[in-house]
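The values are calculated or read from the model by the stated rules, or taken from the named source; none is laboratory data. Given the structure is predicted, the values throughout are model-derived calculations rather than measurements. Positions of Cβ are generated from backbone atoms using ideal geometry, with glycine treated the same way; all protein chains shown enter the neighbour counts.
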Amino acid sequence: MPSPLRSSVRGLAVALILVPALAVGAQTAAPDTSRRLETVVVTASREPQSLTRVPFAVSVVSVDRWAGRSGFGLDQALANVPGVVALSRYGTHDIRLTIRGFGARGAGDRSNAGTSRGIRVLLDGIPETEPDGRTAFDQIDLATIERIEVLRSNGSAAYGNAAGGIVSLSSMPTFDRRFSEVTMQRGGFGLQRAVVRGGLALGDGKVWGALTRTTFAGWREHSDASRTQMVGGAMAPLPRGGRLGVQVAAAGNLFRIPGPLTPAQTEVDPAQANATYAARDERRYNRLMRLGLTLDQPIGTTQDVSAMLFVNPKVLQRSERNTFRDFTRVHTGGSLSWGGRVERGGVTHRLRVGGDFAYQDGAIQFYTLGPGATRGTTLTTNKGEGAQNAGLFVQDEVGLGEHVTLLLGARYDDIGYFYRDFIAPTLDDRRRFTQVTPRAGLSWRVGGGTVYASYGRGIEAPAGNETDPPGVGLPTPVTALNPLLDPILSRTVEAGMRRYVAVGDGPLRGLSLDAALYHTQVRGEPVPYNGGRFYLTAGQVTRRGVELAIDADLAAGISARFSGTFSRNVYDRYRVDSTYLGAPGGRVVLDGNAVAGLPGRVVNAAIVWRPPALPWLGVEMGAQHLGDHVADDRNLVPVAGFTVYRAALAGERVLAGGISARATLAVENLTDRRFIGSAFINPDYAAGAPLAYEPGLPRQVVLGLTFRRAR
C-alpha cells in the first residue's frame, strides 16, 4: 500500500478508536448531540431506520447541495459524496459513475453512452436499473429530485444483481399545502431549461408533478442534446396508517455523441468531434415511460406488508457503429415483503422477509445506415434479448440493548439471459447464474455518534452487451452468449463512524464527521477489449480505500464541506491471451497493474457564506480534484489529474401575494481549465494513438430565476 494511503488508513483507524472515547467523556457537556443524526431516516437496509442504527456507509444528499446549478446530470449532486466518482462526459446527463470502483468499466464505447454499470439506481423506490445491471439516466433530472440516499457499501444482499452501490432518489416534494413553482435557466453553450412543478395537499393525501424541458447546443462539435422529462405521483392514506402510492415518469431524450479523441487531437482542439462519430451522426433517441404502484400497510402494531409493481415500456433508436438500431423493450417487475417486530428478554428483532422479480424483453433490429444517418432499407440483425432477475431475501435487525444493533441478512438470486436470433437460430442461447449473498453489520451508538463494522458479499452478472462473444478464440459451436464470462463475485469489509458534535458559540459551532475504511475483493471483473466489442474476465481485483466527509458550521454564517477518497485499486491476478491485445503468440501477465478508470485520489470541498446581515443571500465557492490514473489494463494510457473550481450566488426574497422569488448565478469550471472528463477503458487505436479521451466542459455560466407560490 503506498504511503499516502497507509498514513490515511492509520489516521482514520486511530480516529475510529479515539473519537467515541472522547465523545463519552463529552456527554456531560453535550448530551443531546445525537438528535441531529437520529432525525435522519434512511432505507438503506430496506427498512426505514435512523441513520444512527445503520451499520453501513450511507450518505444523504439534500436538494440545497445542487440548487442553482444546471442540474442536467447526477454528477452535480453526487460529486461531494465520498467513495463516488461522478463526472459529466461532455456536459449533459451522460455521466460516468462509480462507487468504490463498481461501475468503472461503464466508461467507454459500445452501448455505454448514457448508461452505467454495477450500481443500482432507484427512483421513488422503483428500479431504474435493468435486470442485466445497466442503468440509463433518461428519466432522472435533478430539477425533479428532492433527496438522494447513497449506500456506498455492497447492497446485493438486499437488492440483488448489480448493487455494488445504491443510489436512491426521491421526487416527492416536501409540502403541506398547495404550491406551484416555475424555474427558467439560461447558460453557456446554448443551455436552456424550463421547469414547472406543483403539489396539492388533499387532507392526508398528496398529489405532485413536475415537467422539465432542457436543450443544450453542446460545447464540443456533435454533442447537442434535448430532453423532455416528467415525473409525478400521488399518495393516499389507508386505514390503520397505511399508504397507497402511484408514481409516473416519462422522458423523451435525444443526444448526440461526440466520441473519443487521441491525445494529440485533445491538445490541438478539444472541442472537435471524433470524425467517424460525426460522419455517422452517432446519436441516441430514447422514449420511455414508467407507471408504478406502491403499498405500505401496517398489520396490527407489530407487523406490516410492503408491495410494489411497475411497468416500464421503452422505444430506443440509435445510429451506432455504421448501423441504425431499433430497440423495443418492456421492463416489468415488483416486490413483496413482510416485516415483523418481536421483543424477548430485552432483545428486539425487526424481521424483513421478501422477494423481488424483474424481467425485460423485446425486439432488436439493426438496419444499414441510410442517407443522412437515417434507417436504411436492409435488415441485418433481427433478434430478441431477454433478461431476468429474481431474488428472495431475509434480514433480522437485532437490538442488543439501547445502543447496539446487529443486522444479519442474506439473499438468493436467480439471474438469466434469453437470446433468440430470428435470422440465424443456431445462435440462440440462454444462461443462468444463481448465488447466495450474505451480509452482517454491527453498529454501536455512543456519545452522539455511531461506530459500525460490516461484511457483505455481492453478485453482478455481465450486462447485456458484455455477453457478446469475441471474434476469435472460442470453441465451436459458437452461440450469441460469451461462454468465457462468469458472474462477478465480490466481498467487502468496512468499518466507519458518523458523528455530530455541537461545539458552542466560538468560531466553530458544530461539526459532522463521516469516515470509513473499506476493503473489497472482486473475482471475475469483466474488462472491455477492442473498444468494448467483447469482454473478458480479470481473475481477481482488490480495491481498498479511506473515505472522509466533514461538514463544519462556523461563525459569521459560514459553513464548510469536505469529502475525500484515497484508494488503491490493483489487479491481483490477471492473465490475458495476447491474441486479444493484438499480439498473437503468448500470454500477457497484468498482475499488480492498476485497475483502469479508477483515480486513487478524489477530493471535493466547498465554502458557503450566508451573511447574517443579509440572510436572503448565499455565496458558495467549491473545488473538485481527481488524481492521475490510467485508461487501460496495461497502464500505457495515462489520464492526467485535474482540479476545477466553481462559484455560485443565490438570493431569495418574498414578494407580494405569497410569492417568493429566487435568483441564482453559477459558474462551472471557474478558471476555464482544460481537463479530461472521461476516458474510454481499453480504447481503440488510430494510427498508433489511443482513441481514449473525452475532454471536460470549459467554463460555463448558468443563470436561473424561480418563482414559487404556496397557499
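Out of 634, 601, 653, one residue alone is out of contact with any His (no Cβ under 6 Å at 6 or more places or on another chain), surrounded by fewer than 20 Cβ atoms within 10 Å (Cβ to Cβ), among the charged types (D, E, K, R) and farther than 22 Å from residue 568 by Cβ. It is 653. Within the stretch 170-186, which residues are within 20 Å of residue 74 (Cα to Cα) and at pLDDT 95 or above? Answer for the stretch 170-186, where residues must be within 20 Å of residue 74 (Cα to Cα) and at pLDDT 95 or above: 183, 184, 185, 186.
Is it the case that residue 557 is at pLDDT 85 or above, of a type in the set (Gly, Ala, Ser) and crowded, with 19+ Cβ neighbours inside 10 Å? Answer is no for this residue.
Hey, does the stretch 696-706 have a residue that's farther than 30 Å from residue 613 by Cα and free of Cβ contacts under 8 Å to residues at least 40 places away in the same chain? Looking through the stretch 696-706, none of the residues is farther than 30 Å from residue 613 by Cα and free of Cβ contacts under 8 Å to residues at least 40 places away in the same chain. Assuming residue 259 fulfils every condition listed in (1) in a strand (DSSP E or B); (2) under 20 Å from residue 93 (Cβ atoms); (3) at pLDDT below 95 apart from one, which condition is it? All conditions pass for residue 259, except number (1). Just to verify a result, which residue in the stretch 656-683, among those that are surrounded by 19 or more Cβ atoms within 10 Å (Cβ to Cβ) and farther than 30 Å from residue 184 by Cβ, is modelled with the highest pLDDT? By that ranking, first place goes to 676.
Taking the criterion of being part of a strand (DSSP E or B) and surrounded by 15 or more Cβ atoms within 10 Å (Cβ to Cβ), the residues of the stretch 637-646 that qualify are 638, 639, 642, 644, 645, 646. Collect the residues in the stretch 16-69 that are over 30 Å from residue 354 (Cα atoms), at pLDDT below 70 and part of a helix (DSSP H, G or I), keeping them in residue-number order. Residues satisfying the conditions are 16, 17, 18, 19, 20, 21, 22, 23, 24, 25, 35, 36. Selection of the stretch 629-674 for residues being farther than 20 Å from residue 76 by Cβ and hydroxyl-bearing (Ser, Thr, Tyr) yields only 660.
Yes/no matrix, rows are residues, columns are (1) more than 30 Å from residue 323 (Cβ to Cβ); (2) touching an Asp or Glu at 6+ places or on another chain (Cβ under 6 Å); (3) surrounded by fewer than 17 Cβ atoms within 10 Å (Cβ to Cβ); (4) of a type outside the set (Ser, Thr, Tyr):
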position: 365; (1), (2), (3), (4): no, yes, no, yes
position: 397; (1), (2), (3), (4): yes, no, no, yes
position: 435; (1), (2), (3), (4): yes, yes, no, yes
position: 445; (1), (2), (3), (4): yes, no, no, yes
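Restricted to strands (runs of 3 or more DSSP E) entirely inside the stretch 584-629, those with at least 1 residues that are of a type in the set (Asp, Glu) are 617-626. Checked against (1) over 30 Å from residue 301 (Cα atoms); (2) crowded, with 17+ Cβ neighbours inside 10 Å; (3) over 23 Å from the mean Cα position of the chain (by Cα), residue 178 meets all criteria but (2).
For residue 154, the stated conditions hold: it is more than 28 Å from residue 321 (Cα to Cα), surrounded by 23 or more Cβ atoms within 10 Å (Cβ to Cβ), of a type outside the set (Gly, Ala, Ser) and modelled with pLDDT under 95. Quick one: in the stretch 100-119, of everything that is at pLDDT 85 or above and in contact with a Leu (Cβ under 7 Å, 6 or more places away or on another chain), which residue is nearest to residue 458 (Cα to Cα)? Among them, the one singled out is 119. Among the residues of the stretch 344-358, the one identified as free of Cβ contacts under 8 Å to residues at least 24 places away in the same chain and either assigned to a strand (DSSP E or B) or aromatic (Phe, Trp, Tyr) (or both) is 344. Considered as a group, the residues in the stretch 300-327 that are among the β-branched types (Val, Ile, Thr) and touching a Lys or Arg at 6+ places or on another chain (Cβ under 8 Å) include one that is farthest from residue 249 (Cα to Cα), and that residue is 302.
Table: residues versus (1) out of contact with any Ser or Thr (no Cβ under 7 Å at 6 or more places or on another chain); (2) surrounded by fewer than 21 Cβ atoms within 10 Å (Cβ to Cβ); (3) in contact (Cβ under 8 Å) with a residue 12 or more places away in the chain.
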{"position": "253", "(1), (2), (3)": "yes, no, yes"}
{"position": "261", "(1), (2), (3)": "yes, no, yes"}
{"position": "277", "(1), (2), (3)": "yes, no, yes"}
{"position": "280", "(1), (2), (3)": "no, yes, yes"}
{"position": "283", "(1), (2), (3)": "no, yes, yes"}
{"position": "287", "(1), (2), (3)": "yes, yes, yes"}
{"position": "297", "(1), (2), (3)": "yes, yes, yes"}
{"position": "305", "(1), (2), (3)": "yes, yes, yes"}
{"position": "308", "(1), (2), (3)": "no, no, yes"}
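When residue 324 is tested against the conditions (1) crowded, with 16+ Cβ neighbours inside 10 Å; (2) modelled with pLDDT under 95; (3) not charged (D, E, K, R), the lone failure is (2). The set of residues in the stretch 150-187 being more than 30 Å from residue 215 (Cβ to Cβ), of a type in the set (Asp, Glu) and not in a loop (DSSP other than H, G, I, E, B) is empty. Residues considered: 326, 361. Of these, the only one that is of a type outside the set (A, V, I, L, M), under 25 Å from residue 123 (Cα atoms) and in a strand (DSSP E or B) is 361.
Listed by first and then second residue, the pairs with beta-carbon distance under 6 Å, at least 6 apart or on different chains, first residue in the stretch 64-77 and without any contact (Cβ under 8 Å) to a residue 24 or more places away in the chain and closer than 14 Å to residue 90 by Cα, second among the hydrophobic types (A, V, I, L, M, F, W, C) and not in a helix (DSSP H, G or I), are 75/86; 75/87; 75/95. Taking residues in the stretch 501-524 that are within 22 Å of residue 80 (Cα to Cα) and outside any strand (DSSP E or B), and partners anywhere that are of a type in the set (Gly, Ala, Ser) and at pLDDT below 90, not one pair has Cβ atoms closer than 8 Å while being at least 6 places apart or on different chains. All of 228, 266 fail the test of being of a type in the set (Val, Ile, Thr), surrounded by fewer than 22 Cβ atoms within 10 Å (Cβ to Cβ), out of contact with any Leu (no Cβ under 6 Å at 6 or more places or on another chain) and outside any strand (DSSP E or B), apart from 266. Annotation note: of 665, 655, 697, the sole residue that is within 18 Å of residue 606 (Cα to Cα) and either over 23 Å from the mean Cα position of the chain (by Cα) or aliphatic (A, V, I, L, M) (or both) is 665.
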